[in-house]
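In what follows, a single structure is set out as structure tokens and then discussed.
Quick note: the coordinates plus some simple rules give every number you see, no bench work behind them. Because the structure is a prediction, the values reported are computed rather than measured. Positions of Cβ are backbone-derived with ideal geometry, glycine not excepted, and every protein chain shown enters the neighbour counts.
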Amino acid sequence: MAKKKNIEEPVAKPAGGLFAYAPAPESPAAAGDIATSYGHFIGGEFVDSSGSEALKTVNPATEQVLAEFAQGTDEDVERAVAAARKAFADWSSLPGSERAKYLFRIARIIQERSRELAVLESMDNGKPIRETRDFDIPTVAAWFFYYAGWADKLDYAGFGANPRPLGVAGQVIPWNFPLMMLAWKIAPALATGNTVVLKPAETTPLTALRFAEICRQAGLPKGVVNIVTGDGRTGAALTAHPDVNKVAFTGSTPVGRAIARQLAGSRKKLSLELGGKAANIVFDDAPIDQAVEGIVNGIFFNQGHVCCAGSRLLVQESVQDEVLDALKRRMATLRVGDPLDKNTDIGAINSAAQLARITELTDAGEAEGADRWSPECELPGTGFWFKPTLFTGVSQAHRIAQEEIFGPVLSVLTFRTPEEAVAKANNTPYGLSAGIWTEKGSRILWMANRLKAGVVWANTFNKFDPTSPFGGYKESGYGREGGRHGLEAYLDV
Amino acid sequence: MAEVSVRPRKPAGKVVSLAVGYARRYAGLVTMSTVAANAPGVAGSGLADVAASEASLRRFLHGLPGVDQVGLEARAATLGTRSIKTTAKAYAIDLAISMIDLTTLEGADTVGKVRALCAKGRTPDPTDPTTPRVAAICVYPDMVATAKDALRGTDIQVASVATAFPAGRAALPVKLADTADAVAAGADEIDMVIDRGAFLSGRYFDVYNEIVAVKEACKRPDGTYAHLKVIFETGELQTYDNVRRVSWLAMLAGADFIKTSTGKVAVNATPPVTLLMLEAVRDFRAATGVQVGVKPAGGIKTTKDAMKYLVMVNETLGDDWLSPHWFRFGASSLLNDLLMQRQKLATGRYSGPDYVTVD
């Protein structure tokens, strides 16, 4: 009676792991029709470029060309700024409640077309569908909803009665969150009564062009939003244009510096959101499992193509082994591959150029003596890929501790005391974000007061909300996006 | 034949740094021992002295790393977005069926009801003999003999709740008698409830000693033990810090399985609570070499729910726990939903509740 049989396992084990997930791909057809070539969106119409040069945008996961698009010329920029100028008088004199209606409409259309936008963004950028579906596109809609709410309440935003818009805003955005960066720029500009000319990045123009369709669908007055595509030459033409009143740029620090130099002495208002080398600081009393999730989310979210990525892990020496073991165990479960597979955690690197930059810096890390580790994982044969990578034995003097890598590469440094953590965290030309992991509330406040970073996350990382201002210190730029503060960048105050 | 009542151990060579980390945290408290004991109430290597006294146990439990509620819930939610399709779904459905502790715990239970449930457990889908049978039938102690009889000739286990289930509000001798009675009636597994009142008032040592005593009551005349599952009723313990502490407490006391809930209170198994318990058994094995199972119970009703739990097991613990030895679902209505999804995979069409049996 007491002798029992072992419970045998009645289920046949499939090859390749007990519970290997079958492919669960999102259909590329869900991205809607992608034209073979695109012009610009100026004055409410899709128009051809005055020039003949065309660029190609490729799917970085397959290296297949998705579409051709125009390289914007000086003349194209001239037409776009003129269209925005023409639209400004009527748009800025609309009651805020009327402008809000358009923004609410845009937000709702984004929600309705969220699947289409998510798939298109994944294909053009290489980021996993899980992130575009669950993070990018919902955040885009949230931004438009939030600033729609401000449009008729600007008198109460703290900038005095009846604050005035600036005029035409020239906006240049990066490729890492194409549609989200567009939303961060366009939503507050429109809510405050400005009109815009926006240039998307040359590797990811498709969702901006799709957004132009949404503007038409929403019945937005012609010329309020204009999209001019092209590379840095087009961007330079836009920011240099004499009839632009406001320049907003998100991208690299060298380009931001060039724009600041270009605009010096002009009356243009400028906001810059540039690079970062954020410290993610883990104390010995941190909730370890959640800290590991936060570290992973901090650096491997969006393949590490995040200006505020937690690219430097500062871990207290007394828990270094415990944290690193847990981190490696967790990294081994990251799923790298097809961005359109719903179970993919890390997608493709956005471009061959970015892959080359990551490779160069990681090679430098090895050459300088840091220890490199990556989990076993198979990378697809075509496309641009980089394994999630961990460097230990990194010191402040290493390039991988100083330069922005903008890829799935984490540099691990250690500290002994809170003072040392602050000193190391601040020892960078950047100052965009930082993370603190500790169960002690008083230490969070003590640290946050001393960290020179625009955003300090406590027991979390890479969380964004339209109500919260975002922006940097030092070489990470100036001006704030998001929240009430984000209105100031587009008001004549 | 192998004995399931003995907790299998991993080879004791690999004491990962987590164990070292814990040991470092409790330096002076923990004596690293190379001998892995398996007697009730004594954990394996490394943490043997933790439960030497009220004070040491308390210091250990309060020294465990904290749990960040937001982060834990976010991780569980993210794992819940995994998309399980085609072959993976077919595998997971069969695995889930084979992990069910098919349960009836009602005042209205009769011999007829228990027999019907046992028949269902043996042959969940009479139209398809390839359907796996469930892991166990879970009943009150007075129904153990009935279930045992109805399951004769199968390897389906009989699990019995005990220790004044579900509230656990009885004197210790009563609880022990309840347990011994179920074991004597032939129960293969005992699902005990802890004294939540004692835990919430900080009397951890009382909870610990009670589990040790119940484990002793699981001993059969031949020296083997009925498998002991320890129910925490996490809906009453409320905080995640409490769940982590009670998980370690129960494992130190000799639990073979840790189980979320009785199914009798408002909040039963949830993904975050289960994820936290999965992390606890992972860390416990890393620290001691002893592997402990996990059983979420109550509120898991759909195939989609079950998939989410299996994904959590897969990505937190991996292959070692993906078997009925180490993971169970305490459920009743879940089985029919799994069967309907199984039929749908086979035929391409949804059938309906009239095409699965009512038990």
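If I take every Cα pair under 8 Å that is 6 or more residues apart in chain A, average their sequence separation and divide by the length, what percent do I get for the relative contact order?
Values: 1103 pairs, mean separation 84.7, N = 493.
With pairs under 8 Å counted, the relative contact order is 17 percent.
Give me the net charge for the shell around B:ASN268: Cβ to Cβ below 11 angstrom, other residues only, Lys and Arg +1, Asp and Glu -1.
Details: positive: B:LYS259, B:LYS264, B:LYS301; negative: B:GLU233, B:GLU236.
For residues surrounding B:ASN268, the net value is +1.
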Dipole moment magnitude, nearest 20 debye, the stretch B:56-192 about Cα centre, only Lys, Arg, Asp, Glu C-beta charged: 320 debye
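Using only alpha-carbon positions, what ratio does the radius of gyration of the protein assembly as shown give when scaled by 2.2 N^0.38 Å?
Values: Rg = 30.4 Å, N = 852, 2.2 N^0.38 = 28.6 Å.
Normalised Rg, Cα atoms only: 1.06.
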Given backbone amide H placed at 1.01 Å from N, residues whose amide H is under 5 Å from that of A:VAL244, ignoring those fewer than 5 places away on the same chain, are none
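With 25 Å as the cut-off, how large is the P(r) tail for the stretch A:279-467, expressed as percent of Cα-Cα pairs? Mind showing how you got there, number by number?
Details: 5341 of 17766 pairs.
When all Cα pairs of the stretch A:279-467 are counted, 30 percent exceed 25 Å.
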Pop out the ³J(HN,Hα) list for the stretch A:212-223 in order, Karplus 6.51 cos²θ - 1.76 cosθ + 1.60 with θ = phi - 60°, rounded to Hz; leave Gly and Pro as x. 4, 4, 5, 4, 5, 4, 7, x, 4, x, 4, x
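Using Cβ counts within 10 Å as a stand-in for footprinting exposure, how do A:LEU313, A:LEU206 rank, fewest first?
Values: A:LEU313 28, A:LEU206 25.
Ordered by Cβ neighbours within 10 Å, fewest first: A:LEU206, A:LEU313.
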Between the helical axis of A:288-300 and the dominant principal axis of chain A, each derived from Cα atoms, what acute angle in degrees is found, rounded to the nearest 10? 50 degrees
Interchain or long-range residues, amide H under 5 Å from A:TYR38's placed H: A:GLU68, A:PHE69, A:ALA70
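How much mean residue ellipticity at 222 nm does chain A get from its helices, if each DSSP H run of length 4 or more adds -39500 (n - 2.57) and you divide by all residues, to the nearest 500 deg cm²/dmol? Walk me through the intermediate numbers first.
On the way: 15 runs with 177 residues, N = 493.
The helix-only estimate for chain A comes to -11000 deg cm²/dmol at 222 nm.
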Residue by residue, what Karplus-based ³J(HN,Hα) values in Hz, rounded to whole numbers, does the stretch A:241-257 have, using 6.51, -1.76 and 1.60 with θ = phi - 60° and x for Gly and Pro? 4, x, 9, 8, 9, 9, 10, 10, 10, 10, x, 7, 5, x, 5, x, 5
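Kirkwood hydrodynamic radius for the stretch A:447-493: how many Å is it when counted over pairs of different Cα atoms?
On the way: mean 1/r = 0.0853 Å⁻¹.
With all distinct Cα pairs of the stretch A:447-493 included, I get 11.7 Å.
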Proxy reagent accessibility, fewest Cβ within 10 Å first, across A:CYS215, B:CYS138, A:CYS308, A:CYS377: A:CYS377, A:CYS215, A:CYS308, B:CYS138
Report the antiparallel proportion of the DSSP beta bridges in the protein assembly as shown as a percent, rounded to a multiple of 5. 25 percent
Spelling out what I want: for every residue of the stretch B:280-285, take phi, set θ = phi - 60°, compute 6.51 cos²θ - 1.76 cosθ + 1.60 (Karplus), and round to whole Hz; glycine and proline get x. 5, 5, 4, 5, 5, 5
Positive-end residue, chain B charge dipole about Cα centroid, Cβ charges, pick of B:VAL273, B:THR123, B:VAL111: B:VAL273
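What is the Cα convex hull volume of the stretch B:66-355 when expressed per residue in Å³? List each step's numbers first, then the result.
Values: hull volume 37.9 nm³, N = 290.
Expressed per residue, the convex hull around the Cα atoms of the stretch B:66-355 is 131 Å³.
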How compact is chain A by the rule of thumb for globular proteins, expressed as Cα Rg over 2.2 N^0.38 Å? 1.01
For chain B, built as a Gaussian network whose Cα springs stay under 10 Å, the top-fluctuating residue of B:PRO271, B:PRO65, B:PRO296: B:PRO65
Signed unit charges on C-beta, dipole axis of the protein assembly as shown, positive-most listed residue A:SER49, A:GLY298, B:ALA185: B:ALA185
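Do you know the relative contact order of chain B, to the nearest whole percent, from alpha carbon pairs under 8 angstrom that are 6+ apart? Before the final figure, lay out the partial values.
Working: 677 pairs, mean separation 77.2, N = 359.
Result for chain B is 21 percent.
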Please list, ordered by chain and number, the residues whose modelled amide H lies under 5 Å from the amide H of A:CYS307; skip anything fewer than 5 residues away on the same chain. none
Can you compute the charge dipole magnitude of the protein assembly as shown about its Cα centre, using +1 on each Lys and Arg Cβ and -1 on each Asp and Glu Cβ, nothing else charged? Give it in debye, rounded to the nearest 20. 840 debye
Positive-end extreme of charge dipole, the stretch A:140-299 - chosen from A:LEU238, A:GLN217, A:THR250 (charges on Cβ): A:LEU238
Would you mind ranking A:SER476, B:SER332 so that the residue whose beta carbon has the fewest other beta carbons within 10 Å leads the list? B:SER332, A:SER476
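Using the crude model of +1 on Lys and Arg Cβ and -1 on Asp and Glu Cβ, and no other charge, please compute the dipole size for the stretch B:66-355 relative to its Cα centre, in debye to 20. The partial results should precede the final answer.
Numbers: 33 positive and 33 negative charges, 120 e Å.
Dipole size: approximately 580 debye.
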